[in-house]
Amino acid sequence: MKYLDVTKTAYLEAGATHGAYRRKGVATALVREAERLAKEHGCTHIGLEVGNADNPDAKRLYEHLGYVDWGQGEFLISWEHVERNGHTRTDSEIVTYMHKPL
């Protein structure tokens, strides 16, 4: 089994680009700035999760920026959040972890 050394790995969490700003370089600029900051703080790798079902454009962007699938398959993530009406809700998504060296 292959393991990732996470002791010097940065992690990008919960990124999204509003529809009006897609395909204008906003996401690319944000990811590149995160990579720069991670490297500046001594990280040697950076990773993120990308949804598999409804996010092919994001996966293509990350691949274009040099991210690769970790090779261990998809997995389910879940999270809780509070809606505007005050009710707590749990959502989940099947994702792939992608990473790259800095």
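Read-outs: derived from the displayed coordinates by stated rules, not from any lab. Remember, predicted model here, so these are calculated numbers, not experimental data. We place every Cβ from the backbone using ideal geometry, glycine too, and count neighbours over all the protein chains shown.
If you run the Gaussian network model on the chain, springs between alpha carbon atoms under 10 Å, then out of H87, H18, H41 the most flexible one is H87.
Under a Cβ-Cβ cut-off of 15 Å, what is the net charge of the residues other than H81 that fall near it, where Lys and Arg count +1 and Asp and Glu count -1? Please report the intermediate quantities before stating the final value.
On the way: positive: R84, R89; negative: E13, E80, E83, D91, E93.
Counting the neighbours of H81, the net charge comes to -3.
What translational diffusion coefficient, in µm²/s and rounded to a whole number, does the Stokes-Einstein relation yield for the chain at 37 °C and a viscosity of 0.692 mPa s, taking the hydrodynamic radius as the Kirkwood radius over Cα pairs? Rounded to a whole number, D works out at 219 µm²/s.
Extension gain for V26-D54 works out to 8.1 nm (0.36 nm per residue, less the C-alpha to C-alpha distance).
Axis angle, to the nearest 10 degrees, between helix 26-40 and the longest C-alpha principal axis of the chain: 50 degrees. Protection proxy ranking, highest mean first, for peptides 30-39, 73-82, 44-53: 44-53, 30-39, 73-82, where packing is the per-residue count of other beta-carbon atoms within 10 Å, averaged. Annotation for A16 and R84: the two label points, set 7 Å from Cα along the Cα-Cβ direction, are 1.3 nm apart.
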